[in-house]
Amino acid sequence: RQLGADVLLNVQAEDVDAAIGERTDGMGADVVFECSGAAPSARNCLQWVRRRGRYVQVGLFSQPIQWDQNQICYKEVQLSGSFATIPSSWQKALRLLAHGQVQTAPLITHTWALAEWQAAFDTFERREGLKNVFLPG
């Protein structure tokens, strides 16, 4: 909510299908972002997006996934990807951060000294927190 979200849903603790249906009168979400790169999440997002909605794939998959691509046609979904590896993308991101137009601090859940690398990696492997950051020096 600190970042402007109206509604937060925890897929591990809530019936997301019901919550989205209730909030959208059964129409589905206007826009879905899949940021994890997990196949079940991609399948869920494709299910949750409304007819003529927009699906944005941000997370990268470790291997090819199986999902019902017919749904893209049946629902006339706008599908797009995001891959920020060109210098202009990074420059734009840094400008947005420098001018305070994007807040990232609320996303950081753990900070670590470099000497604490093992604890940091263990935390990551347990999938705890959202963003782990090493602090140099």
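Distances longer than 26 Å among the Cα atoms of the chain: what percent of all pairs is that? If you can, show how the numbers build up before the last one.
Details: 3595 of 9316 pairs.
Cα-Cα pairs in the chain separated by more than 26 Å: 39 percent.
How high is the FRET efficiency from Arg126 to Leu97, r the C-beta distance, R0 30 Å, rounded to 0.05?
Details: r = 28 Å, r/R0 = 0.95.
Step by step, r from the Cβ atoms, then E = 0.60.
Just to be sure I understand the model, the point goes 7 Å from the Cα along the line to the Cβ. What's the resulting Ala39 to Val7 distance in nm?
Those two pseudo-labels are separated by 2.9 nm.
DSSP beta bridges in the chain, what fraction antiparallel, as a percent rounded to 5?
0 percent
Provide Rg and Dmax in Å for region 54-97, with only Cα atoms included in the calculation.
14.4, 39
Using helices alone, what [θ] at 222 nm do you get for the chain, with -39,500 (n - 2.57) per DSSP H run of 4 or more residues, divided over all residues and rounded to the nearest 500?
-9000 deg cm²/dmol
Taking the Cα centre as origin and putting +1 on Lys and Arg beta-carbons and -1 on Asp and Glu beta-carbons, what dipole magnitude results for region 1-85, to the nearest 20 debye?
The calculation lands at about 260 debye.
Tally Lys and Arg at +1 and Asp and Glu at -1 over the other residues with C-beta under 9 Å from the C-beta of Thr24: what net charge comes out?
Result for the local shell: -1.
Before anything else, pin down the relative contact order of region 53-137: Cα pairs under 8 Å, at least 6 apart, normalised by residue count, whole percent.
This gives 24 percent for region 53-137.
What is the distance in Å between the Cα centroid of region 76-121 and that of region 40-65?
20 Å
Laboratory data are not the source of any read-out in this text; all were calculated from the coordinates shown. Being a predicted model, the structure only gives us computed values, none of them experimental. Here the Cβ is made from the backbone with ideal geometry for all residues, glycine too, and neighbour counts use every protein chain on show.
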